[in-house]
Amino acid sequence: MQALILLTTGKQTKDQGRFTPLREASQPLRNKGVKIYVVGVGSDDDIDVNELIQIAGSQENVVTTDLFEELVVLAEEVSKVVCGRKIPLNL
């Protein structure tokens, strides 16, 4: 299995010209069998969970945290999921 782990701290910029919808932009990777996991860091005002789901293709592959300090714990949990252990990404 191929996996991509995306860390993001923001929302898609849509007000500065043309942009590709996130689901469309990430679909070619999913079509090739790449499992996309998205980690959003920031407050609810900073990130848009719906956009993260569009990128990952599934809510199950999305996790968020308010603090960068929690990334160590999240990285451990995500690596367990990516390596085949069925641990949900709920923190």
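Every number here is computed from the coordinates shown, using simple stated rules; none is lab data. Predicted model only: the values in this text are computed from it and were never measured. Note that we place each Cβ from the backbone using ideal geometry, even for glycine, and neighbour counts take in every protein chain shown.
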Legend entry - Amide N proximity, region 1-33 versus residue 68 label position 7 Å along Cα-to-Cβ, cut-off under 16 Å: 7-10
Inset, instruction - Hey, can you grab everything whose amide H is under 5 Å from the amide H of residue 36? Only 5+ residues off in sequence or another chain; H modelled, so Pro and N-termini drop out. - result: 4
Inset, instruction - For the chain, give the magnitude of the charge dipole about the Cα centre (Cβ charges: +1 Lys/Arg, -1 Asp/Glu; no others), in debye to the nearest 20. - result: 700 debye
Legend entry - Calculated FRET efficiency for the pair residue 59/residue 16, C-beta based, R₀ 35 Å, to 0.05: 0.80
Inset, instruction - State the dimensionless ratio Rg/Rh of the chain (Rg: radius of gyration of Cα atoms; Rh: Kirkwood radius). - result: 0.97
Legend entry - Using θ = phi - 60° and Karplus 6.51 cos²θ - 1.76 cosθ + 1.60, couplings along region 44-60 (whole Hz; Gly, Pro as x): 4, 6, 8, 10, 10, 4, 4, 5, 5, 5, 4, 5, 6, x, 6, 5, 5
Inset, instruction - Using Cα pairs closer than 8 Å and at least 6 residues apart in sequence, work out the relative contact order for the chain, in percent. - result: 28 percent
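Once the piece of chain linking residue 9 and residue 23 is laid out straight, how much longer is it, given 0.36 nm per residue of separation minus the C-alpha distance between them?
Here the segment from residue 9 to residue 23 would lengthen by 3.3 nm.
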Legend entry - Ellipticity estimate at 222 nm from DSSP helix runs (n ≥ 4, -39,500 (n - 2.57)) divided over the chain, nearest 500: -9500 deg cm²/dmol
Inset, instruction - Would you please give the residues with an amide H less than 5 Å from that of residue 7, counting only those at least 5 places away or on a separate chain, with H modeled from the backbone geometry? - result: 39
